[in-house]
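This report refers to the structure that appears directly beneath it.
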Amino acid sequence: MSIGASVKRIEDPRLLTGKGRYVGDIRLPDQCEAVILRSPHAHAKILGINTEKAKNLPDVLMVLTGRDLPPDLPPIPMRLSPDQSLEKALQFPLANEKVRYVGEPVALVVATTRYTAEDAADLIEVLYEPLPAVTNVYQSVQPDTILLHPDMGSNDLFFIHSQKGSVDEQLKKCPYVLEEELYIQRHSGIPMETRGLLAVVEEDGRLTVYGPTKVVHFNRQILARLLGKQPSDIHFVETDVGGGFGPRGEFYPEDYLIPYAALCLKRPVRWIEDRLEHMKATNHSREQKHRVVVGFDETGRIHAVRNEIFVDTGAYIRTHGITVPALTQGMFPGPYDIAALECKTHVVATNKTPVGTYRGPGRFEGTFVRERIIDMVAKKLNLDPTVVRERNLIRPEQMPYSNGISALGEEIEYDSGDFPLLLDTARRAMDWEGFGERKAKARMEGRLIGLGFAMFVEKSGLGPWEYGEVEILENGEVACKTGLADVGQGVKTMLAQICSHQLGIPYSKVHVIHGDTDKVEKGHGSFATRGTVVGGSAVWLASEALKRKMLKVAAERFRLPADELDLKDQCVIQTSNGRNLCTFEAILAECREGGVSLRESFTFSIDHMSYPSGIHAAEVEVDPETGKVTIEKYFIAYDIGRAINPMLVRGQLVGGMAQGLGGTFFEEFRYDENGQLLTGTFMDYLIPSSMEVPDIEVEILEHSPSPLNPLGVKGAGEGGTVAVAPAVANAIMNALNDLNDASLEITSLPIRAEVIRKAIKQEAVRNREVKA
Amino acid sequence: MSQSKMKTVVISVNGVEHTVQVEPRMLLSDVLRDELGLTGTHVGCEHGICGACTVIMDGRPVRSCLVFGVQADRAEILTVEGLAGPDGTLHPLQAAFWEKHGLQCGFCTPGVLISAYHFLKENPHPTRDEIREGISGNLCRCTGYQSIVDAVELAAEWLDRERKSKSGSSTAQTGKEVNV
């Protein structure tokens, strides 16, 4: 019984012994190295590029500028949520007449070594005419602001509007109306391995590309289109991957440039992004402003919410199209039943790195806004914030529940969930009932402690389909092919457990094959927390079909009905009495003799997403002298329907929390008014270390299985991240609430100690003045 | 780069001596990876923060991205490839990381293992807080560190047991298998 067991990962022994093969680890004969020259300006016209000196440097093989690329080269298309009206804001692999963000590729250099290629890049002379830089969404949408893409007619590139009921009507009936503006800062996934590619033209003329991940089949189609080739002319090979988190694996300018250079040079060309490059070249994410109007009554029941959202999308529309903005508003209502909702989202261009998805896209942002608002409502009414939550939650008997807002082409309909149960679980785990007393006691000792909660609904299992294939090999072991990608999340172990569960063999005998477009016929890939739901179901059903075939043969041999037989512990057993009829090998032999093919494939299609739900709770202590916040206890409860491997689910939640914590306190891509990135190194863009991330208590709930897939699973990948900021912010506000300080309300991220300190100190001054 | 500017470096890695010709500006991380083919040592930031490239040089952990290859002339280096036994038996640290799910993507792992290896030599009986401090020079983006701390704690326990039983036998006890 492998499903549900916390077994060790089959991925690990190679990775632990230095035998992993990441793209930068591959060496091919004659391999050369590429370096990209990037724009130092946020917005400028390119008046001329002189590459002579670079080309004359010994060992330099090639220098390319935008003019050297094919004149009919189209821009990089949208993969998700494509919309024709955005096509004039897409990015070309190399800038032509204009650059629009610091870090935009301007030229490509290939040399025999990386060192020489960098020397050559330094010798390229680019003459720029700087233009005014647009760095703020409000500035960007002003009528007199310079346009990034004049053909679009506006920097307000796209508008999404969705509503349910009449907010204006409901607001008229509400005795209380709250208006707030909240801000989520620009940050991103920052995997420990930067991006990289190695492209090689094989002897038969086919192109092999090592390094793509996430969506290899799809990206192969894009590359084929850009190169004017057939997808079958291209072979993508996914190597080991040092973290995905959203940004990695999308189709970037380099995904065209490196294969193109290899085709021109007929030599293997490798490009490994360096970290400083990564910070300005790879998708940013998250930056949004929310203007919220909330109407509620004296019991804390919220009747109307209007949210006008400004998404800072950066200089170009990248492959995710408008996925993040659409998800932001679609998932904004969270676990609450609100009569009238209206979301208006502007997708706004600025002279900053283009944005894409990052773990919990739209939900990290929306959950911060929504869960802060709940606490603001509670504060206004002087109510227990958990009671305000309780009074607004969707009840289990309302499931399936449609929230009236649509995203990714479908109206959001929660498939199952018990939100009150989550709230009770967290209140109990944190001893909310006894907290008042603990807080008072701490206060007597001069300590400020606070407890905060944040609830959320996640989404998982995006369709339309995934492919799985299961074959029993000559040696009795199993080859399992999947269209999913492995970005470190443990997809091989998960699929091996699913196969093993159906076929009654140890999971260590299952070999998972993925990410190779020659070996795996088709696939959609790993994104949007879809792997276990869609890819897991495909493998489950393929394995089941294979099992049925084998049991049919066994039924004939033992003259028993097939539905009374099962595969367990490497044997065929009779289910009614557990009797062991024959070994797995014996039935394999019988199948082979009878000419039964031991291979099955399944394409699992799914129309609707599944919605896991959860809660985060944080207890913090605030240092009144420094404003520093210490997390004393952190709790996550997450209902994912069913956990294939609880240890891996826990790993996802704890790891996800650490990223959420980075977004709460530390990580920020900050720009100056000229569009220069100020936090482009790990010395100023701070990722949490082991000293900042606390131990986290996780409770995995399997209370609400999804009715939409045969395993009942919902995805576990993003729920650790999305609610950290509001849980911590609510805890800090709770710690400070008896200072009676109305001047501090946490409405923007990251939360800085100096802001908290200042609020505490001002309060102290005010108190002294009152006393005097 | 003309041959005359190349420097000869003799370097012992995981007990094997190598002689390589390198440019003076070549980083130790690039020497290990590109010249010697030891790609277990990873490069995550090239500015000395992330710790993925950590190796032991003459008994002390260094960021191999901040050391020039020529500085490692006549040095003894230990990389992740040198942790397991010659027969492939995992080092107790590696076994504990496997047991406790101390890695996900595995990219930072070699550096974390090397830092933890040195840390446990200096402090064989650490508290959890000391372990957190001991690995704080290594960034991990996947695990949230909790399972890494669990793994180092378990490895310390196993290594301790190994030391105590060493007087009797030299077999390494690297931990139990999880039953499937």
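The numbers here are math on the coordinates, done by the rules we state, and not lab data. What you see is a predicted model, and the numbers here were worked out from it, not measured in a lab. Here the Cβ is made from the backbone with ideal geometry for all residues, glycine too, and neighbour counts use every protein chain on show.
Along the charge dipole of chain A, which of A:P82, A:F584, A:G675 sits closest to the positive end, that is, farthest toward it, with unit charges on the beta carbon of Lys, Arg, Asp and Glu (+1, +1, -1, -1)?
A:F584
Roughly speaking, what is the centre-to-centre gap between segment A:626-669 and segment A:163-201 when only Cα atoms are used, to the nearest Å?
19
Restricting attention to the alpha-carbon atoms of segment A:369-434, what are Rg (one decimal) and Dmax (integer), both in Å?
According to the Cα coordinates of segment A:369-434, Rg and Dmax are 14.1, 45 Å.
Have a look at B:V149, B:V31, B:V16 and tell me which one the Gaussian network model of chain B (Cα, springs below 10 Å) gives the largest fluctuation.
Maximum fluctuation in the GNM of chain B, among the listed residues, is at B:V16.
Which of the peptides A:379-389, A:480-490 is most tightly packed, and how do the rest follow, judged by the mean count of other Cβ atoms within 10 Å per residue?
Going from most to least packed, we get A:480-490, A:379-389.
Given a 10 angstrom Cα cut-off, can you work out which residue in B:P61, B:P124, B:P86 is the most mobile in a GNM of chain B?
Of B:P61, B:P124, B:P86, the Gaussian network model singles out B:P86 as fluctuating most.
So if I place +1 on the C-beta of Lys and Arg and -1 on the C-beta of Asp and Glu, and nothing else carries charge, what would the dipole magnitude of segment B:7-82 be about its Cα centre? I want it in debye, nearest 20.
180
Translational diffusion coefficient of segment A:453-598 at 20 °C, 1.002 mPa s, Stokes-Einstein with Kirkwood Rh over Cα pairs, in µm²/s as a whole number.
Translational diffusion coefficient: 133 µm²/s.
Is there a quick way to get the dipole size of the protein assembly as shown? I mean about its Cα centre, with the Cβ of Lys and Arg at +1 and of Asp and Glu at -1; what is the value in debye to the nearest 20?
The calculation lands at about 380 debye.
What number results when the radius of gyration of chain A, computed over Cα atoms, is divided by 2.2 N^0.38 Å?
Relative to the 2.2 N^0.38 Å estimate, chain A comes out at 1.00.
Say the cut-off is 21 Å between C-alpha atoms; which of A:K173/A:K380; A:K53/A:K352; A:K98/A:K352 go over it? Walk me through the numbers on the way to the answer.
Working: A:K173/A:K380 18 Å; A:K53/A:K352 30 Å; A:K98/A:K352 14 Å.
The pairs that break the limit, which is 21 Å between Cα atoms, are A:K53/A:K352.
Where does segment B:7-82 land on the Kirkwood hydrodynamic radius, alpha-carbon pairs, in angstrom? Write out the running numbers ahead of the final one.
Working: mean 1/r = 0.0844 Å⁻¹.
Computed over Cα pairs of segment B:7-82, the Kirkwood hydrodynamic radius comes out at 11.9 Å.
So, counting K/R as plus one and D/E as minus one, what does the shell of residues with Cβ under 15 Å around A:P82 add up to?
The answer is +1.
Counting each DSSP H run of 4 or more residues in chain A as -39500 (n - 2.57), what helix-only mean residue ellipticity at 222 nm follows after dividing by all residues, to the nearest 500 deg cm²/dmol?
Computed ellipticity for chain A at 222 nm equals -8500 deg cm²/dmol.
How much mean residue ellipticity at 222 nm does chain B get from its helices, if each DSSP H run of length 4 or more adds -39500 (n - 2.57) and you divide by all residues, to the nearest 500 deg cm²/dmol?
Helices in chain B give a 222 nm mean residue ellipticity of -8500 deg cm²/dmol.
Go through A:V512, A:M444, A:L686 and say which Cα lies farthest out towards the positive end of the charge dipole of chain A; charges sit on Cβ, +1 for Lys and Arg, -1 for Asp and Glu.
Checked the options; the winner is A:M444.
Based on the Cβ-Cβ distance from B:E35 to B:E133, what FRET efficiency comes out when R0 is 45 Å, to the nearest 0.05?
Values: r = 34 Å, r/R0 = 0.76.
So the FRET efficiency works out to roughly 0.85.
From other protein chains only, count the Cβ atoms within 10 Å of every residue's Cβ in A:691-700, then give the mean. Kindly include the intermediate steps, with their values, before the conclusion.
On the way: counts 6, 3, 7, 4, 7, 3, 0, 1, 0, 0.
Partner Cβ neighbours, averaged per residue: 3.
Taking θ as phi - 60°, what are the ³J(HN,Hα) couplings along segment A:688-697 by the Karplus curve (6.51, -1.76, 1.60), each to the nearest whole Hz, with x for Gly and Pro?
3J(HN,Hα) across segment A:688-697, in whole Hz: x, 9, 5, 7, 9, 8, x, 5, 10, 8.
Counting only other chains, what is the mean number of Cβ atoms within 10 angstrom of the Cβ of each residue in peptide A:243-254?
1
Which longest uninterrupted range of chain A lacks any GluC sites (Glu not before Pro) assigned by DSSP to a loop state (not H, G, I, E or B) and surrounded by at most 14 other Cβ atoms within 10 Å?
A:299-444
Please sort by residue number the trypsin sites (Lys or Arg not before Pro) in segment B:7-104 whose DSSP state is loop and whose Cβ has at most 14 other Cβ atoms within 10 Å.
Passing both the DSSP loop test and the Cβ count: B:R25, B:R74.
Within a 10 angstrom radius of each residue's Cβ in A:5-15, how many Cβ atoms of other chains show up on average? Whole number is fine.
5
For chain B, go through all pairs of different Cα atoms, get the mean of 1/r, take its inverse, and jot down that Kirkwood value in Å.
Kirkwood radius, chain B: 17.1 Å.
May I ask which of A:K88/A:K280; A:K280/A:K481; A:K55/B:K5; B:K5/B:K121; A:K459/A:K628 have a Cα-Cα span longer than 30 Å here?
From A:K88/A:K280; A:K280/A:K481; A:K55/B:K5; B:K5/B:K121; A:K459/A:K628, over 30 Å: A:K280/A:K481; B:K5/B:K121; A:K459/A:K628.
Compute the distance in nm between two label points, each set 7 Å from the Cα along the Cα-to-Cβ direction, one at B:E157 and one at A:R443.
If labels sit at B:E157 and A:R443, their model points lie 4.2 nm apart.
Please list, ordered by chain and number, the residues whose modelled amide H lies under 5 Å from the amide H of A:K519; skip anything fewer than 5 residues away on the same chain.
none
Is any residue of segment A:391-423 close enough, with backbone N under 18 Å, to a label point placed 7 angstrom from the Cα of A:D297 along the Cα-Cβ axis, and if so, which?
The answer is A:391-395.
Mind jotting down a quarter of the surface of the convex hull over the alpha carbons of segment B:92-168, in square nanometres, one decimal?
Averaged projected area of segment B:92-168's Cα convex hull equals 4.6 nm².
Mean Kyte-Doolittle hydropathy of -0.5 or higher plus an axial Cα length of 30 Å or more: which whole DSSP H helices in chain A meet both?
Membrane-span-like by this criterion, though nothing is claimed about a membrane: A:536-558.
Read phi for every residue in segment A:182-188 and hand back ³J(HN,Hα) as whole Hz from Karplus 6.51 cos²θ - 1.76 cosθ + 1.60, θ = phi - 60°, with x for Gly and Pro.
Couplings: 10, 9, 10, 7, 6, 7, 7 Hz.
Pull up all non-local amide H partners of A:R38: gap of 5 or more, or a different chain, and H-to-H distance under 5 Å with H placed in the peptide plane.
Excluding prolines and chain starts, which carry no amide H, the hits are A:V106.
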